[in-house]
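Encoded as structure tokens, the structure appears first; notes follow it.
Bear in mind that the values in this text are calculations on the coordinates, not laboratory data. Model, not experiment: these values are computed from the prediction. When we count neighbours, we look across all protein chains shown, and the Cβ atoms used for this are built from the backbone with ideal geometry, even at glycine.
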Number of protein chains: 2
Amino acid sequence: MIERCLGPHRCRRIQRALRHLKVTVLCLVLTVVVLRGTIGAGKFGTPEQDLDEIRQHFQPSRKRAEPHRVLEEIQTGADSSTSGDGGGGSNNYETFDINKIFVDEGEEDKPDPNKPYTLGPKIPDWDEQRSDWLAKNPTFPNFIGPNKPRVLLVTGSAPKPCENPVGDHYLLKSIKNKIDYCRLHGIEIFYNMALLDAEMAGFWAKLPLIRKLLLSHPEVEFLWWMDSDAMFTDMAFELPWERYKEYNLVMHGWNEMVYDEKNWIGLNTGSFLLRNNQWALDLLDTWAPMGPKGKIREEAGKVLTRELKGRPVFEADDQSAMVYLLATQRDTWGNKVYLESGYYLHGYWGILVDRYEEMIENYHPGLGDHRWPLVTHFVGCKPCGKFGDYPVERCLKQMDRAFNFGDNQILQIYGFTHKSLASRKVKRVRNETSNPLEMKDELGLLHPAFKAVKLQINQV
Amino acid sequence: MIERCLGPHRCRRIQRALRHLKVTVLCLVLTVVVLRGTIGAGKFGTPEQDLDEIRQHFQPSRKRAEPHRVLEEIQTGADSSTSGDGGGGSNNYETFDINKIFVDEGEEDKPDPNKPYTLGPKIPDWDEQRSDWLAKNPTFPNFIGPNKPRVLLVTGSAPKPCENPVGDHYLLKSIKNKIDYCRLHGIEIFYNMALLDAEMAGFWAKLPLIRKLLLSHPEVEFLWWMDSDAMFTDMAFELPWERYKEYNLVMHGWNEMVYDEKNWIGLNTGSFLLRNNQWALDLLDTWAPMGPKGKIREEAGKVLTRELKGRPVFEADDQSAMVYLLATQRDTWGNKVYLESGYYLHGYWGILVDRYEEMIENYHPGLGDHRWPLVTHFVGCKPCGKFGDYPVERCLKQMDRAFNFGDNQILQIYGFTHKSLASRKVKRVRNETSNPLEMKDELGLLHPAFKAVKLQINQV
């Protein structure tokens, strides 16, 4: 009827405009949603005077972008069999339309709206199951040295190409950076590109993944989740595992900001440690309910905005949910949660990246804190998306600098360094020698003590 | 003067056309240069009837593409200091000109034309240096289990973004694939993004890198070089280390094709093992001389085309050079080189990717050969460049399938699989349980025997 009144042409234009409007609004919401970050101030780890500057950074500035989609996944219904890719076609990648190789994958299974969300069947005896398994499998110990737990670093990204050309390049540099740190520190990596649970898409996707990995790998003592936009900038810093002996969850943050202020950025879930035990499973179960997408996540978002300090309006995110969980159930969880501000288990990039030259001048790797941050985390940059919360040039340039800052610590092992923090080229800083093993390894990263094989002790 | 004759406008147009022509010719040469691949036929590993089909694939087909450069690195002379990224700027990645963040890095040092190229100072006593070091460093053994040498897998890509939008995405999937295999097999990874020696650019860049890593890591027994366009498709296959006890270099190939035919694709240097010893250093020194770019590499290319069977005309590449080296100096090197055709240490993608469904139907992981190839190597696809030797759609579609084929073997550990080999989405194939540790791990990949911690034995 509308069509008869307005004419088919105008009708289609109106429909298209409505679709565009929906997409724009959705993009706006998503921008705010992933604009989260832990910034810190106070004491040793993160100087107090940065606090105001940091808070200023976290007034989300959202510039609207045209929803121009470069790589758009469309339902093509193309035959997915091997014969489908034809015999001919251009060799030119630049003129290639990547949509051609996407297949129609059908509708998602709709979850039963009457069934409350669950990460999986309740497991009440995981500690016993795990200790039994460890006892039966002494060749897979959960400690790989005295005070050295077996750690699995978990990270990942979406399975599809980034919406903008350079996003995947930065994901590549980011995983190389993690490979380097983890190789030096005897840590294994799991890079996830699978969405295990469509209801828990986006930042909530880590929860089903973490649970699955904990339960599959009883030999893993700590699971270290790390966002793809976080980079290691101190290759020499070994985590103080002894400090966390009595704790099950370690995040960068401050007690006051979480428990007193209920500040939504009082902690950061972009880089955290979770011990493999019953407590962790129970925590995941308690954390998950705000996650399922749609009405639940939206409504939960409103609760979080109302309850937490400084939180903008957007759907529930895992970090805000964690703040809320801890602040409202401190008695249940608080005694096993370590909010670490002594070093940058997560370091907000905004207050670090302009100081790299000063750090090089005055300090050295191994400190992990504001003098030489362990992790520089590019919250809000979102290089894989269409637009971020900061100017693109600033983000990419600083991501290159952070990458090079960390990479220099690897290259110096081999006698090289980047020509500058902005340069991809490297230069030699130490001549070749016919006695390479006599070379002094200044940072001790060539054969790091924390990597040496020691006695295997099965500690449960 | 030219400018006065033709006018500045036409003059600039002519200059631009000349530059474009140079780029086109260079791209043409590079296309041919990296069109190399080992294909195999015969005996057990690679059926003979595929030989003709394979040889057909290796008539290089070169389609000229417009030198339209999407991401072009220009000398901007921009200030590389932190203040250079400005305060404003768009948040939109799509409209961002990535040239803005490149810096002027100056000219390369020109090598002395009178000085013969060398990878480094001659080291005559590496075996002694290395065994001394190992004796003094029992916590860094070169064998991490009986018959299990310490292996370092080395791969990498150029430090700049790929010239086409999807290239980096495939590099990312490729490294994830390698991370998965190596995690299961207790192998460490070194991902290189630094050009250590400008003279040895391109595929020759691996030589200085390999030498540097061998000399820096005496604890590494085998260095496994693997191209970025090669993917693991058998996650369960452990290399038969015992077989190589007496050998120092293992490549996929055939004795007849190398020593009798001098066929340029008689072996493949896209995936090979090199033992860390004096022999390897000497081999690298003997291999390197055809590599230095410019006149040396061009002239060497002519020699190789003349001397090797089936080799097209292009500058010297490392693979052809290796065939030539072995064929002409068999007495020196041959007894320590194992040309492996029993499984696909390198598997030419062209004869494998259409058979994945048949493999799934009839076979299982752990075979490593034509029934379930260890490695599928996408020679000639070049997704990081502007154009490859094959239609883009075929390459990308098959790379996705190969990735998924391998990824399914990882996902099944956790009860998931891709919806199809063409689909990025995954589906559950095993329900969650409250007794996860009782689950039967069919492929034995969850806690693989080759990963179990065993006695550390310092074998030299």
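For the pair A:N435 and A:Y363, a Förster radius of 30 Å applied to the C-beta separation gives a FRET efficiency near 0.45, rounded to the nearest 0.05. Which shape class, rounded, prolate or oblate, goes with the stretch B:315-460 when its Cα gyration tensor gives a ≥ b ≥ c as root eigenvalues, a/c under 1.5 marks rounded, and past that a/b bigger than b/c marks prolate? Verdict is oblate for the stretch B:315-460. Quick one: in the stretch B:174-213, what % of C-alpha pairs are over 16 Å apart? Within the stretch B:174-213, distances greater than 16 Å cover 46 percent of Cα pairs. Other residues whose C-beta falls under 12 angstrom from the C-beta of B:P124 contribute a net charge of -4, scoring Lys and Arg +1 and Asp and Glu -1.
Label-to-label distance, A:A135 versus B:L443, with points set 7 angstrom from Cα along the beta-carbon direction: 3.2 nm.
Looking at the square roots a ≥ b ≥ c of the eigenvalues of the Cα gyration tensor of the stretch B:194-288, which shape do they give, rounded for a/c under 1.5, prolate if a/b is larger than b/c, or oblate? Since a/c stays below 1.5, the shape of the stretch B:194-288 is classed as rounded.
Shown is the FRET efficiency for A:E128 and B:D260, computed with R0 = 41 Å from the Cβ-Cβ distance and rounded to the nearest 0.05: 0.05. Each label point was placed 7 Å from the Cα along the Cα-to-Cβ direction; for B:Y117 and A:K425 their separation is 1.9 nm. Only alpha carbons enter this Debye calculation for the stretch A:357-427, each as an equal point scatterer, and the log10 of I(q)/I(0) it gives at q = 0.12 Å⁻¹ is -0.37. Under 1.5 on a/c is rounded, so check that first for the stretch B:259-309, then, if it is not, pick prolate when a/b is larger than b/c and oblate when it is not; a ≥ b ≥ c are the square roots of the alpha carbon gyration tensor eigenvalues. Here the stretch B:259-309 falls in the oblate category. Put one equal scatterer on each alpha carbon of the stretch B:269-348, apply the Debye formula with no solvent term, and list log10 I(q)/I(0) at q = 0.10, 0.13, 0.15 1/Å to two decimals. The Debye formula, applied to the Cα set alone, gives -0.26, -0.44, -0.59.
Calculate I(q)/I(0) for the stretch A:121-252 by the Debye formula, one identical point scatterer on each C-alpha and no solvent, and give its log10 at q = 0.09, 0.18 Å⁻¹ to two decimals. The Debye formula, applied to the Cα set alone, gives -0.31, -1.16.
All distinct Cα pairs of the stretch B:175-248 go into the 1/r average, and the inverse of that average, the Kirkwood radius, is 14.1 Å. Determine the alpha carbon to alpha carbon distance for each of A:K148/A:K245; A:K173/B:K425; A:K262/A:K302 and list only those over 18 Å. The answer is A:K173/B:K425. The simple Förster model, with R0 at 30 Å and r as the Cβ-Cβ distance, assigns B:R330 and B:K302 a FRET efficiency of 0.85. For the stretch A:399-458, the calculated P(r), taken from all Cα-Cα distances in 10 Å bins from zero up to the bin holding the longest distance, is 21, 39, 26, 11, 3 percent.
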